[in-house]
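Each reported figure results from applying straightforward, stated rules to the coordinates on display, with no laboratory input. Keep in mind that this is a model prediction, so the values were computed, not measured.
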Amino acid sequence: MKRRVVLTGMGIYSCLGKDLEEVRQSLYDGRSGIIFDPSRKELGFRSALTAYLEVPNLKGVLSRNQRVYMPEEANYAYVATKEALDHAGIDEDFLNRNEVGLLYGNDSTAEAVMKSVDTMREKKDTTMIGSGAIFQSMNSTVTMNLSCIFKLKGINLTISGACASGSHAIGLGALLIQWGLQDCVVCGGAQEVNPYSIGSFDGISAFSVRESDPTKASRPFDRDRDGLVPGGGAATVIIESYESAVKRGAPILAEICGYGFSSNGDHISVPNVDGPARSLMMALRESGMDIRDIGYINAHATSTPVGDKNEAKAIDSVFGDYKPEVTSTKSQTGHEMWMAGASEVIYSMLMMQNGFIAPNLNFENPDEDSAKLNIPDKRVEKNFDVFLSNSFGFGGTNSTLIVKNLK
């Protein structure tokens, strides 16, 4: 018999704030974290738009030996994970006594690789690259760093599933707990924000060029959208079996009720309608819920012409005449890529806990597909107990999570 999976802690470091309270306030106020970065023009970027994020200074928090192995995104992930563990009431003693697992979404470490290659080319001496470079440059850098820093003894695995990475990490963690293979798993997603990680996206004209007003650039579902805006940071959730949470007196925040997944089996970068629709339907089926149980949908919608169109079609095909509010928090954050599937669960949780739905910023004119959905452009004061979160990625990977309030 499958065990229940509950969410007991959250932590986040994003362009909306450096902790849960700052992020909650930004969501409530409808504040955008998107800026114009002139340095990107110097690098030949077509679009200089990006979410603004400071790399945390961990000097005095972690030792030099620990910090030297950590690329940009691992710094974000450390801060988010420390907050999540504290939020869940998990201390060092608990981590030492239990096999706590780690599944984290990450699909690039571009800056670390670039620095190593530049040093090698310039110095003609591989010993000058440095001892920390190999650990910074591997895609598994976040999980290898977090597992060593926090002394985690359970599963230790990076989920590399493009822009659905963070969502798949939570879904797969839930499966391990359901079937008794783990009692507690640290799940999340991280994304580097430096320009080197996303230059190739700019090169294929994936980004909005609405540079005159950065906060207006990310406009999911709007008729006049012209591309996404890159963002990043890290988000961590602590999930565990219901029995484990009760036994240690944990704050049970919500239940992971459904995880759906699919592959489009189609074009490598152009999403279709069938794949996302099947992911949605699988999540609903696994949750045992009816569409009318869903109080809010956090859409993947990244502000790209085709992606938003096909997601709107998929949602409409599944939900039909039932019209729960649908928004994309990417209107505030830009596309947080490998982090997005985890951060958007936290954004949705903060809204559910506080009885509101953040506005879908810049939704001024619907197109023929988004007009079929209930997309609010202003904050909605609403109590809801269940939300659905979509995450899709290059290669046609799709993930859908359904989460129920237990407070």
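Report ³J(HN,Hα) in whole Hz for each residue of region 97-107, in order, from the Karplus equation J = 6.51 cos²θ - 1.76 cosθ + 1.60 where θ = phi - 60°; Gly and Pro get x.
Running phi through 6.51 cos²θ - 1.76 cosθ + 1.60 with θ = phi - 60° gives 8, 10, 8, 7, x, 9, 10, 9, x, 7, 9 Hz.
Work out from phi, with θ = phi - 60° and the Karplus expression 6.51 cos²θ - 1.76 cosθ + 1.60, the ³J(HN,Hα) of each residue of region 391-407, listed in order in whole Hz, and give x for Gly and Pro.
Computed from phi, the couplings for region 391-407 are 9, 10, x, 3, x, x, 7, 10, 9, 10, 10, 10, 10, 10, 5, 10, 8 Hz.
What do the square roots of 5 times the Cα gyration tensor eigenvalues come to for the chain, in whole Å, largest first, as semi-axes of the equivalent ellipsoid? Before the final figure, lay out each step's value.
On the way: eigenvalues 180, 155, 66 Å².
Working through the eigenvalues yields semi-axes of 30, 28, 18 Å.
How large is log10 I(q)/I(0) at q = 0.10 Å⁻¹ when the Debye formula is applied to the Cα atoms of region 204-362, each weighted equally and without solvent?
-0.40
Long-range amide H contacts for Gly161: which residues qualify at under 5 Å (H placed 1.01 Å from N, peptide plane, sequence gap of 5 or more or a different chain)?
For Gly161, whose amide H was placed from the backbone, the distant partners under 5 Å are Asn106.
How high is the relative contact order of the chain, given as a whole-number percent (alpha carbon pairs under 8 Å, six or more residues apart)?
24
Could you go through region 166-178 in sequence order and give the Karplus-derived ³J(HN,Hα) for each residue, using 6.51 cos²θ - 1.76 cosθ + 1.60 with θ = phi - 60°, rounded to whole Hz, and x for Gly and Pro?
x, 5, 4, 4, 5, x, 5, x, 4, 4, 4, 6, 3
Show the residues, 5+ positions off or on another chain, whose built amide H is closer than 5 Å to the amide H of Met10.
Residues meeting the amide H criterion: His87, Ala88, Ile238.
Which residues' amide hydrogens lie under 5 Å from the amide hydrogen of Ala254, considering only partners 5 or more residues apart or on another chain, with H built in the peptide plane?
Under 5 Å from the amide H of Ala254: Leu7, Leu406.
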